[in-house]
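The values are calculated or read from the model by the stated rules, or taken from the named source; none is laboratory data. These numbers come from a predicted model, not from an experiment. Don't worry about glycine lacking a Cβ; one is built from the backbone with ideal geometry, like all the others, and counts go over all protein chains shown. Surface areas here come from the heavy atoms of the whole protein model, side chains and all, with no ligands, DNA or RNA. Shrake-Rupley method; radii C 1.70, N 1.55, O 1.52, S 1.80 Å.
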Amino acid sequence: SSSGKAWLPEATALKTEFHKACWTALNTVGGRSLLGSVFPGSLCFYDRTKHPGVKGLLALTLDDAPCRRRDGDFCMVAEIRELLHEFDAQATFFCCTDYVDGHEEVMHDLLRDGHEVANHCPADRSYAGDSEEAFE
């Protein structure tokens, strides 16, 4: 292209693939502790010197909520709610939107209890091969 910007989508895709390859390699040999050496400035752990007012707090997240199966007998959200209530704890439930159907009432209960509900993805699968357009 005469605009000189035709390479941008290709360069972005190349950068994304490079980051995925680095992440895979780092997880293989050293996990997140090596991430900062490849991507300076990234933070994959809590740094108490940067956030001194957060002492004594913990972020509790649960992925792939509420349950893969539509049958409520297999859903463990009620037991998790009881445990969280016992310890006066709040959590964020990251939901797979494909799993919510049939569990609407328990999701409303979580919200009434003061928990957060967030979107994780439609289904629990790898999205690495999806194009950016398909992912969005």
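The table below lists the values:
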| item | result |
| --- | --- |
| Within region 77-107, considering residues that are crowded, with 16+ Cβ neighbours inside 10 Å and assigned to a helix (DSSP H, G or I), the one nearest to the chain's Cα centre (by Cα) | Tyr99 |
| Only listed residue being at pLDDT below 70, open to solvent by 90 Å² or more (accessible area, probe 1.4 Å) and among the basic types (Lys, Arg), chosen from Lys15, Lys5 | Lys5 |
| Residues of region 76-92 that turn out to be modelled with pLDDT under 85 and closer than 16 Å to His120 by Cβ, as a count | 1 |
| Condition met for Ala65 (closer than 16 Å to Leu111 by Cα, surrounded by 15 or more Cβ atoms within 10 Å (Cβ to Cβ) and modelled with pLDDT under 70) | yes |
